[in-house]
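The values are calculated or read from the model by the stated rules, or taken from the named source; none is laboratory data. Fair warning: this is a prediction, and the values are worked out from it, not measured in the lab. All Cβ positions, glycine included, derive from the backbone under ideal geometry; neighbour counts span all protein chains shown.
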Amino acid sequence: MKLRKGNIMKKEKISLKSRRSFVKSGLALSAINILPRHVLGGKGFIAPSDQLNIAAIGSGGKGASDISNAARNGSARVGALCDVDFSGSAAATAKKFPKAKRYADFREMLDKEKDLDAVTISTPDHVHGVAAAHAMESGKHVYVQKPITHNIREARILTEMARKQKVVTQMGNQGGSNPLLQTVQGWVNSDVIGKISKVQIWTNRPVWPQGIKMPAVDPSAKPADLNWDLWLGPAPDKPYTPNMHPFNWRGWWDYGTGALGDVGCHLIDIPYRTLGLKYPKDAECSVGTVYSRMWTPDYFPEGCPPSSFTTLHFDATEKSKSPIEMTWSDGGIRPSHPEIIPANDDIGGPGSANGVLMIGEKGIISTNINDSSPLMPKLYLNDGTMDSGPELAPSDEPEYGHQRKWIDACKAGYQSSEHQALTSSFDYAGPMTETVLMGNLAIRSYMLRRENAKGKMSFYARKKLIWDGENTRITNLEEANQFVGRIYRSGWEM
């Protein structure tokens, strides 16, 4: 898929300008008629001139809430919906927005719906980057589910493209808009726990099939209404594989990004933004191994492992003041309980299932996962002092208004104060996503093997990988760089 260039961006600007001009003329008329808009249209009425025309790419599952929250009961008009299967969970979205035109192919939708202002993108991970690039090339503002891309190269491309196209962007890590993050940032900024040198992050994911052999293809099992070719998108062409759509794709590298891609942008986000971190310097990992036969480990490199442990190192920043070692573990493996935290207290969230520990000279900050779960910020100091913020932030709108703030920023325009106030525009979310996906680069490299001189398979890449973040390259193992990007199916290139 070659990204198109042309005058679509110019047309988009004219379209927005026309709507804004209509708003101004409407205000002039209201001064003459002295009739407020809500009297003409009823309580809560929003004039079409005040609405963005938006569409969804991926309309079921998380896409259903993303487009609904963005529409906000009429603050934006849903002009089109795109999904590869409107017989599934996308059916309810189509029913909710009956006037929206339906498409299976987002490329067709973007070509035909010239008046669209913005799109939400909530597809499987492997389509995020390609869909967002198409939309931004067409001059559309984009809201993209986490992680914004399937790989590091795509994240860098989208970050730079958003600036070039001057579009408003937001990644769907809604916890970034959680006001309780200010409690955590306040503890760090006030130096209450001193220099922070270590961060520990963990999750109980995966909660989907992972670390197993990929299911056999079975074209006869394909649901009649599922467009499998469009679901594959940029991934390699292959017959229908059962149990991928709509959710179990997460554990396979062609489509998903594993536990890191699922919740890394919710967990790593907390220390990354709080400590002002930049690109990591290196990555090192180990993975869980399953033995179905004696002395013979299972080997399924096409999929994510059952569990993993990854270490990243960061240079000191203005906020962190010292180099940071960050560890990530998934598959239910979590850190040991720190001595200064009472033994009966959970670390992180409920049951210690997910969490973040920021460890400083004078104490520890503990939080839960920061999606829509309670953040549960807690402070433990070495002298026995303990403090905590409220578990839940009061909010009268879903997901802390994360989608609504993006809509407001789209209306205000690129580099407006509303845009700059977004918590996960690609200027931030791009580098953070790259950091999350560095863990996957390390995991995939860890599984590289080849036959040695003795005729046995040797895992030759199990080492610390040195990362040149500015140039997006591993400098001490060339073979690892194949995982910086991906190979695209013909017609879907990016």
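Can you tell me which residue within the stretch 321-367, out of those that are of a type in the set (S, T, N, Q) and in contact with a strand residue (DSSP E or B) (Cβ under 6 Å, 6 or more places away or on another chain), is nearest to Val199 (Cα to Cα)? Filtering the stretch 321-367 for residues that are of a type in the set (S, T, N, Q) and in contact with a strand residue (DSSP E or B) (Cβ under 6 Å, 6 or more places away or on another chain), the one nearest to Val199 (Cα to Cα) comes out as Thr327.
Listed here are the residues, each with its yes/no results for (1) under 19 Å from the mean Cα position of the chain (by Cα); (2) outside any strand (DSSP E or B).
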{"site": "Cys265", "(1), (2)": "yes, yes"}
{"site": "Met326", "(1), (2)": "no, no"}
{"site": "Gly332", "(1), (2)": "no, yes"}
{"site": "Pro335", "(1), (2)": "no, yes"}
{"site": "Pro342", "(1), (2)": "no, yes"}
{"site": "Gly348", "(1), (2)": "no, yes"}
{"site": "Ile364", "(1), (2)": "no, no"}
{"site": "Leu375", "(1), (2)": "yes, yes"}
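In the condition set (1) in contact (Cβ under 8 Å) with a residue 40 or more places away in the chain; (2) more than 30 Å from Thr183 (Cα to Cα); (3) assigned to a loop (DSSP other than H, G, I, E, B), Ser286 is compliant with all but (3).
Among residues of the stretch 356-376 that are assigned by TED's automatic domain parsing to the domain that holds Ile270, those with a beta-carbon under 6 Å from a residue that is of a type in the set (Ser, Thr, Tyr) and in a strand (DSSP E or B) at least six positions away or on a different chain give the pairs Val356/Thr367; Leu357/Ser366; Gly363/Tyr380; Ile364/Tyr380; Leu375/Thr367.
Checked against the criteria, Glu318 counts as over 30 Å from Pro394 (Cβ atoms) and touching a residue at least 24 places away in the same chain (Cβ under 8 Å).
Considering the conditions (1) closer than 18 Å to Ser417 by Cα; (2) surrounded by fewer than 23 Cβ atoms within 10 Å (Cβ to Cβ), His141 is excluded by exactly one of them, (2).
As a summary of the residue check, Arg486 satisfies the conditions (1) out of contact with any Leu (no Cβ under 7 Å at 6 or more places or on another chain); (2) among the basic types (Lys, Arg); (3) part of a helix (DSSP H, G or I) except for the one numbered (3).
Residues in the stretch 435-483 that are part of a loop (DSSP other than H, G, I, E, B) and of a type in the set (Lys, Arg): Arg449, Lys454, Lys456, Arg462, Lys463, Lys464.
The residue that is modelled with the lowest pLDDT, counting only those in the stretch 381-426 that are more than 30 Å from Ala133 (Cα to Cα), assigned to a loop (DSSP other than H, G, I, E, B) and of a type in the set (Ser, Thr, Tyr), is Ser395. Of all residue pairs spaced 6 or more apart or on separate chains, none has beta-carbon atoms under 7 Å together with a first member in the stretch 63-91 that is outside the structural domain of Leu52 (by TED's automatic domain parsing) and a second member that is among the hydrophobic types (A, V, I, L, M, F, W, C) and part of a loop (DSSP other than H, G, I, E, B).
Within the option set Thr296, Thr274, being within 29 Å of Ser177 (Cα to Cα) and hydroxyl-bearing (Ser, Thr, Tyr) holds for one residue only, Thr274. Would a scan of the stretch 466-478 turn up a residue that is in contact with a helix residue (DSSP H, G or I) (Cβ under 9 Å, 6 or more places away or on another chain), closer than 28 Å to Val142 by Cβ and either surrounded by fewer than 16 Cβ atoms within 10 Å (Cβ to Cβ) or hydrophobic (A, V, I, L, M, F, W, C) (or both)? Yes, the stretch 466-478 has at least one match.
Could you say whether any residue in the stretch 377-390 is closer than 21 Å to Leu158 by Cα and either of a type in the set (S, T, N, Q) or surrounded by 14 or more Cβ atoms within 10 Å (Cβ to Cβ) (or both)? Checked the stretch 377-390: no residue is closer than 21 Å to Leu158 by Cα and either of a type in the set (S, T, N, Q) or surrounded by 14 or more Cβ atoms within 10 Å (Cβ to Cβ) (or both). Considering every residue within the stretch 188-207, establish whether at least one is under 20 Å from Val290 (Cβ atoms) and free of Cβ contacts under 8 Å to residues at least 12 places away in the same chain. Scanning the stretch 188-207, I find at least one residue that is under 20 Å from Val290 (Cβ atoms) and free of Cβ contacts under 8 Å to residues at least 12 places away in the same chain, so the answer is yes.
Only one residue in Asp125, Asp111, Asp115, Asp191 is of a type in the set (Asp, Glu) and either surrounded by 19 or more Cβ atoms within 10 Å (Cβ to Cβ) or within 24 Å of the chain's Cα centre (by Cα) (or both). Which one? The match here is Asp125. Here Ala421 meets the list (1) touching a residue at least 60 places away in the same chain (Cβ under 8 Å); (2) not assigned by TED's automatic domain parsing to the domain that holds Leu277 almost entirely, failing just condition (1).
Of the residues making up the stretch 392-425, those that are surrounded by fewer than 15 Cβ atoms within 10 Å (Cβ to Cβ) and touching a Pro at 6+ places or on another chain (Cβ under 9 Å) are Leu392, Pro394, Ser395. Contact map, the stretch 471-494: first residue in the same structural domain as Lys238 (by TED's automatic domain parsing) and free of Cβ contacts under 8 Å to residues at least 24 places away in the same chain, second residue surrounded by fewer than 15 Cβ atoms within 10 Å (Cβ to Cβ) and acidic (Asp, Glu), Cβ cut-off under 7 Å, separation 6 or more or different chains; pairs are Thr475/Asp468.
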